[in-house]
1. For the stretch A:198-232, what are the residues that are over 16 Å from B:Leu38 (Cα atoms) and either within 13 Å of ligand 2 (Cβ to nearest atom) or crowded, with 20+ Cβ neighbours inside 10 Å (or both)?
2. Got at least one residue in the stretch B:171-194 being modelled with pLDDT under 90, away from ligand 2 (no atom under 16 Å from the Cβ) and at the interface with chain A (Cβ under 8 Å from one of its Cβ atoms)?
3. Under 6 Å by Cβ, and 6 or more places apart or on different chains, what pairs join a residue from the stretch B:24-45 that is assigned by TED's automatic domain parsing to the domain that holds B:Val78 with one that is within 16 Å of ligand 1 (Cβ to nearest atom)?
4. Only residues that are in contact with a helix residue (DSSP H, G or I) (Cβ under 6 Å, 6 or more places away or on another chain), of a type outside the set (S, T, N, Q) and closer than 18 Å to A:Asn45 by Cβ: list them for the stretch A:79-107, please.
5. If a residue has to be among the hydrophobic types (A, V, I, L, M, F, W, C) and either touching a Lys or Arg at 6+ places or on another chain (Cβ under 7 Å) or at the interface with another protein chain (Cβ under 8 Å from one of its Cβ atoms) (or both) to count, how many in the stretch B:101-117 make the cut?
6. If we scan the stretch B:20-43, do we find a residue that is part of a loop (DSSP other than H, G, I, E, B) and more than 15 Å from ligand 4 (Cβ to nearest atom)?
7. Being more than 16 Å from ligand 1 (Cβ to nearest atom), modelled with pLDDT of 95 or more and more than 12 Å from every other protein chain (Cβ to nearest Cβ) narrows it down to one residue among A:Lys4, A:Lys96; which is it?
Amino acid sequence: MAKKTYSFYPGCSSQTKASSDNYLKSTNSMCKYLDIELKEIPDWNCCGASIGYAEGGELPRIALSARNMALSEQHNPGMDLVATCAACWLSTREAKERIAHSSQTLSEANTALAEAGLSYKGNQAARHMAEVLVEDFGFDELKRGVKKPLQGIKFAGYVGCQTNRPFGLAGESFENPKYLDNLVEAMGGEAVPYDQKVTCCGGALAFSEPEKSQKQIKDIIESAYDHGAEMIVTPCPLCQANVEIYQGEVNKRFGTKFNIPVTYYSQLITVAYGGTAAEAALDGQLIRATRLEDIAKK
Amino acid sequence: MSENYRNNFLKEVEERVEEGHWVKMCMQCGVCAGSCPLGAHWAHPPQELFMMIRAGKREEVLTSDSMWMCTSCYNCVVRCPRKLPITHIMHGLANLAYRLGLSPKNQTTQKFASMFWNNLAQTGRVNELKLSLGMYFKDGFGQGIKNAMAMQSVGLGMVKAKRLNPMELFGGHGIKDKSGFHAMLKKAREIEDRRKNFA
Ligand code: SF4
Ligand code: SF4
Ligand code: SF4
Ligand code: SF4
């Protein structure tokens, strides 16, 4: 297959030494194996996520995404814009649709952008990396690169909210999207069915309402365990952080003994394609994914 | 300004709340009321808030902390038979309450949301360390130490896994064109304030 090039929006959490540093590293490795070139949008800014609403309001939030899209159009013309963070993707795509639906919003956004010497045209699609894998490659093509199948490992594919709603991947259902399970199986792993696949982990409220959100996190992990999963895999950096980081807190609060690794699909693919533990950024896990490390060592 | 709206809260919501013009489309089916992950903690689920808006219960709606429990999970949006953008209406209501100074004092999500925004508006990117320290110290220094201690193991683990950079406290990530970025946000805010009568 010929090289594919995308305009890349990494997002704050994927910066070096930020909370999903390991997502970025493993995405870069995965892309190397798939012959994908990611051209970072120069000088991209934070998208504001959903939680920006209280202080940010509406138009300033749209302007944040419009600036990224305008920079992408200008510097990376002719490419699709691709994000790895669910929240980044959602904000960008949402801003794009708001602008497309209202000529007033378009002109207001461009008035704001003009202050930064930019203008927005809306000629690039805003996509999530999972869409690239599923739509531009497809499972059969992805399977072809597998050198070390993730045989015998049981994964709970945790899709969460914002990669799934309100947009989601084309052709998938909101209540039971299958693409993450299909990805796991394409890599030779086993995807266990469980009932909390699209449950919200609390999102940003994990921080501001810890007790209430940790109940959500507990339900998700408990269900994964109950259905035999040894590892959770997710496409969303905030899901990953919330479900991994707070396990100790959840254990204290609920008397559980959770200790389940939470990984990214990009780490699975990197290991299955023969990448090293370092390439898959497995050293970035707070709860070591030893079964993946073992396969990477083989 | 708010005086003009006293007698017609629905009209005010339509003009000043993000996607507020959708509220009148709600048919009170109740599907959204069962959709919120933290629903047990909402005194008034979205369906009820929409009913209260139409009944003109301005004070009760805007002082409620219900919409601050919205996790932006979009469960409601994909289920609503009338396709109301409920998530954004919740954000918009919270924003209006906050702008009018009516939101409950010490609402933690509101504080976090403000910190988050101010953090990103300064440098163009979020500085996770400053953000989390800010959150721990929001209740003052003593409580902050306690909160930070409680989460210390998490923080140290993140530093060890190279997913939190202690040096961020002294700078860290940011964009280059800060002046253009600030001017853009200022302009966007100006336009919005004029349109929503906050100016
Ligand atoms: S949503 Fe999160 S990761 Fe994405 S740009 Fe905003 S703060 Fe950064
Ligand atoms: S599951 Fe949690 S972190 Fe993931 S998108 Fe939903 S709210 Fe955000
Ligand atoms: S689901 Fe939609 S129509 Fe039904 S009560 Fe909620 S907002 Fe109204
Ligand atoms: S997006 Fe907000 S209002 Fe809608 S179901 Fe989730 S928490 Fe409830």
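The values are calculated or read from the model by the stated rules, or taken from the named source; none is laboratory data. These numbers come from a predicted model, not from an experiment. Virtual Cβ from ideal backbone geometry, glycine too; neighbours counted across all protein chains shown.
1. Within the stretch A:198-232, A:Ile221, A:Ala224, A:Ala229, A:Met231, A:Ile232 qualify.
2. The answer is yes, given that some residue of the stretch B:171-194 is modelled with pLDDT under 90, away from ligand 2 (no atom under 16 Å from the Cβ) and at the interface with chain A (Cβ under 8 Å from one of its Cβ atoms).
3. What qualifies is B:Pro37/A:Cys200; B:Pro37/B:Thr71; B:Pro37/B:Cys73.
4. Hits for the stretch A:79-107 are A:Leu81, A:Val82, A:Ala83, A:Cys85, A:Ala95, A:Arg98, A:Ile99.
5. Of the residues in the stretch B:101-117, the ones among the hydrophobic types (A, V, I, L, M, F, W, C) are B:102, B:112-113, B:115-117.
So of that shortlist, the ones also either touching a Lys or Arg at 6+ places or on another chain (Cβ under 7 Å) or at the interface with another protein chain (Cβ under 8 Å from one of its Cβ atoms) (or both) come out as B:112-113, B:116-117.
Of the residues in the stretch B:101-117, 4 are among the hydrophobic types (A, V, I, L, M, F, W, C) and either touching a Lys or Arg at 6+ places or on another chain (Cβ under 7 Å) or at the interface with another protein chain (Cβ under 8 Å from one of its Cβ atoms) (or both).
6. First pass over the stretch B:20-43, keeping only residues part of a loop (DSSP other than H, G, I, E, B): B:26-31, B:35-38, B:42-43.
From what is left, the residues that are more than 15 Å from ligand 4 (Cβ to nearest atom) are B:27-28.
Scanning the stretch B:20-43 turns up at least one residue that is part of a loop (DSSP other than H, G, I, E, B) and more than 15 Å from ligand 4 (Cβ to nearest atom).
7. Every option except A:Lys4 fails the conditions.
Residue by residue, here is whether (1) outside the structural domain of A:Met69 (by TED's automatic domain parsing); (2) in a loop (DSSP other than H, G, I, E, B) holds:
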| position | (1), (2) |
| --- | --- |
| A:Thr105 | no, no |
| A:Thr111 | no, no |
| A:Ala116 | no, yes |
| A:Asp140 | yes, no |
| A:Gln151 | yes, yes |
